[in-house]
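Q: What follows is a single structure, and I will ask about it in a moment.
Please treat every number below as a calculation from the coordinates, not as lab data. Every value quoted in this text rests on a predicted model; they were computed, and no experiment measured them. Every residue, glycine as well, gets a Cβ built from its backbone with ideal geometry; the counts of neighbours run over all protein chains shown.
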Amino acid sequence: MNGLFQSALVLCMICLLTGVCPLSARAAEEPILIASIFAHTGLASEENSPNYLMARLAAKAVNEQGGVLGRPIKLMEIDNKSTAIGSYQAARKAVEMKVSAVVGPS
């Protein structure tokens, strides 16, 4: 549970540091998009499985506590296909999705 708490805390800090805050009642309802880029397919998929599962649990834990500044977190899972080019493509996709933050392997 300590790892889950740390992951949830990191997600909250990312959201706060990126300046995500509600500007109106409608903005308060819109989810905060966070990209989760890990290998779902390919050679690294088995090794990355705990990582994307932890990101899901952290987002769920934050949402169960009311989200961040009243806004829910919506995790956008993107497969990097266990390749460098897949990671590049996943990062580009995250930018196109206009996410507020990205979590993934270093």
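Q: Pull up all non-local amide H partners of residue 76: gap of 5 or more, or a different chain, and H-to-H distance under 5 Å with H placed in the peptide plane.
A: Counting only residues 5 or more places away or on other chains, the set is 34, 35, 36.
Q: Right, next: Let me make sure I get this right: for segment 40-98, a, b and c are the square roots of the gyration tensor eigenvalues over alpha carbons, sorted descending. Under 1.5 in a/c it's rounded, otherwise prolate if a/b > b/c, else oblate. Which is it? Display every interim value, and only then the final one.
A: Numbers: a/c = 4.85, a/b = 1.59, b/c = 3.04.
Oblate shape, in that a/c is at least 1.5 and b/c is the bigger or equal ratio.
Q: Within segment 61-96, name every residue whose backbone N is under 17 Å away from a label modeled 7 Å from Cα of residue 45 along the Cβ vector.
A: Label zone hits: 77-87, 90.
Q: Going by amide H atoms built from the backbone, whose H comes under 5 Å of the H on residue 68, apart from near neighbours?
A: 73
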